[in-house]
Amino acid sequence: SGLVVPYNGTTHPLSNSLFSCESLQVLFTSLDSIHLLALVALFAHRRRYSELLCLRCAVLGCGFAGLSVAWHLLKNSPRELRLRVDLFDEAGIGGGASGVSGGLLHPYSPKGKLLWRGAECWKETLRLLNVAEMAARHSKDSNETSDGLIVRRRFVYEIRGILRPAVNMKNSEIMTENAQNCHPNCRIETIGEDYAQTLVPNICAPLDVAFYMPAAVNVYPRPYLQALFLACQNIMKENDVGQELYLHKKSIHKLLDLEGEYDAVIICLGAKVDMLPELSGRLPLRTCRGVVAHMQLPLDMGEDYPEHAPSILSDAWLAIQGTRSLYMGSTWEWKSTNSSAHVSADEASKALEELLPKASVFYPGIKNWSLGGAKAGLRAMPPLTPHGSLPLLGCVNSLVGQNCRSRYWLFGGLGSRGLLYHAWLGKLMAQAVLSCDEQIIPSELIAWKNIKR
């Protein structure tokens, strides 16, 4: 036989397994390093040869992080692993904070500086958006958007994007300087009020300066996530390699309830991660509840929002949904523990009182719009680092239990930048899970482990 692999601290020949040494040798030599490590790690973990080639992963949460990890696991796992992915979320696809986000996608900080690894994040998110868009377009079951399009601002040859009026002199000077070093695939143009009004009639730029990102994207979060789930299902249909994907509309209350049932458990619960007893109070996260108002232009009012005009980003933001429909956000209620998407009439009224004055500074016409509803989400905000506020990734077996058979992984703390970060980090997380190698993850994203709690 001669071919051996690690097995729970020892080694075992595979000549008596379900596979011959010759077939395993051919299999091993045909794989790249990531896939080879995935197989070796799986062999080392299994107790029965009959289980050798079946990798079981549980993904907790069906927001940006969870769906991205699931897609990348299905897309990149070796065929021979016969991957099974179980998604757990009591609210379903996009039922949490991800589904409430404004969907304004660009790679910059509020000061117009390219975010840490912003270029990679921008590239991977556009790629994943395209995957979801194609899945929705070809799905007979897609009725969220009649034309199958998930993004409103997708093609840069049309007058679309995001417009950011300068609201104070200091901010204007900093953004003007940073705009000179913008990413070439998402450039920032410094424009005056006259030009801004050709994009959005009646917009107000108090300092006669605005910053226009014509390639920036406005995503519809819930339809996007639903389409990404469709894309996950399509991978199984197209590859026909014995992969399985299941959605469970239920919560996991304890990580150890999954112990031994899965090879890997990826925790993508956002602010709800603190509800797990194994991790409660042990992560450097702050919570912040945000309310988003759905504004509608009454039928008896003119001045529709131009069909192809950009969304607006400032102290408040306007995410355009149509000529007479937009979302206005967002409030910031720090230390809130309320994760419910439901917004009471009183909470909606207070949100409107807070957001309308901010939005009317740059778009006075918003005063003619009426409140059509409101929704809310609870963000998990990460700590500030020398590189900005970065998400938290890494293996957390040291917190859950060192002697666990399963590997537990954290993908959280995306804050208000989940849409930008989720695709690239989901790709890295899938690679780390498949290879059982935390070193694949950049050190900046696992540095949170050094923070004393």
task = Any residue in segment 320-334 that's touching a residue at least 60 places away in the same chain (Cβ under 8 Å): show its pairings with residues that are assigned to a strand (DSSP E or B) and open to solvent by 10 Å² or more (accessible area, probe 1.4 Å) at Cβ separation under 6 Å, as long as the two are six or more apart or on different chains.
result = TYR327/HIS294; GLY329/TRP317
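Residue-wise test of (1) touching a helix residue (DSSP H, G or I) at 6+ places or on another chain (Cβ under 7 Å); (2) touching a residue at least 60 places away in the same chain (Cβ under 8 Å); (3) more than 30 Å from LEU313 (Cα to Cα); (4) open to solvent by 60 Å² or more (accessible area, probe 1.4 Å).
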residue	(1), (2), (3), (4)
LEU225	yes, yes, no, no
LEU230	yes, yes, yes, no
LYS237	no, no, yes, yes
ASP240	no, no, yes, yes
LYS250	no, yes, yes, yes
GLU261	no, yes, yes, yes
ILE267	yes, yes, yes, no
ask   = How many of the residues in segment 270-284 are closer than 19 Å to ASN397 by Cβ and touching a strand residue (DSSP E or B) at 6+ places or on another chain (Cβ under 9 Å)?
value = 7
message = I need a count of the residues in segment 384-424 that are under 22 Å from CYS288 (Cβ atoms), part of a loop (DSSP other than H, G, I, E, B) and among the small types (Gly, Ala, Ser).
response = 3
ask   = Quick check, is GLY270 at positive phi and either modelled with pLDDT under 95 or more than 24 Å from the chain's Cα centre (by Cα) (or both)?
value = no
key: Residues of segment 385-406 satisfying the condition of being exposed (fewer than 15 other Cβ atoms within 10 Å of the Cβ) and of a type in the set (Val, Ile, Thr)   = THR385
remark   = Considering segment 152-175, residues that are at pLDDT below 50 and open to solvent by 70 Å² or more (accessible area, probe 1.4 Å), and then whichever is nearest to CYS204 (Cα to Cα), we arrive at ILE159
key: Options ILE266, ILE252: the member that is in contact with a Cys (Cβ under 9 Å, 6 or more places away or on another chain), β-branched (Val, Ile, Thr) and closer than 19 Å to GLY94 by Cα   = ILE266
note = With criteria (1) of a type in the set (A, V, I, L, M); (2) at pLDDT 95 or above; (3) part of a loop (DSSP other than H, G, I, E, B), LEU149 comes up short on (2)
ask   = Among the numbered criteria (1) surrounded by fewer than 22 Cβ atoms within 10 Å (Cβ to Cβ); (2) assigned to a strand (DSSP E or B), which single criterion is violated by ARG379?
value = (1)
ask   = THR331 versus (1) over 16 Å from VAL292 (Cα atoms); (2) open to solvent by less than 20 Å² (accessible area, probe 1.4 Å); (3) β-branched (Val, Ile, Thr): which is the lone unmet condition?
value = (1)
task = Scan segment 294-323 residue by residue and report those that are open to solvent by less than 60 Å² (accessible area, probe 1.4 Å), within 18 Å of PRO201 (Cβ to Cβ), assigned to a loop (DSSP other than H, G, I, E, B) and not aliphatic (A, V, I, L, M).
result = GLY302, TYR305, PRO306, PRO310, SER314, THR323
query = Quick check: anything in segment 201-222 under 30 Å from ARG56 (Cα atoms), polar (S, T, N, Q), within 23 Å of the chain's Cα centre (by Cα) and surrounded by 14 or more Cβ atoms within 10 Å (Cβ to Cβ)?
reply = no
remark   = Quick count over segment 79-112, residues being assigned to a loop (DSSP other than H, G, I, E, B), charged (D, E, K, R) and either touching a Cys at 6+ places or on another chain (Cβ under 9 Å) or free of Cβ contacts under 8 Å to residues at least 60 places away in the same chain (or both), is 2
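The values are calculated or read from the model by the stated rules, or taken from the named source; none is laboratory data. If you're wondering where the values come from, they're calculated on a predicted model, not measured in any experiment. Because the Cβ atoms are built from the backbone with ideal geometry, glycine has one as well, and the counts that use them run over all protein chains shown. Heavy atoms of the whole protein, side chains included, go into the accessibility calculation; ligands, DNA and RNA do not. Shrake-Rupley method; radii C 1.70, N 1.55, O 1.52, S 1.80 Å.
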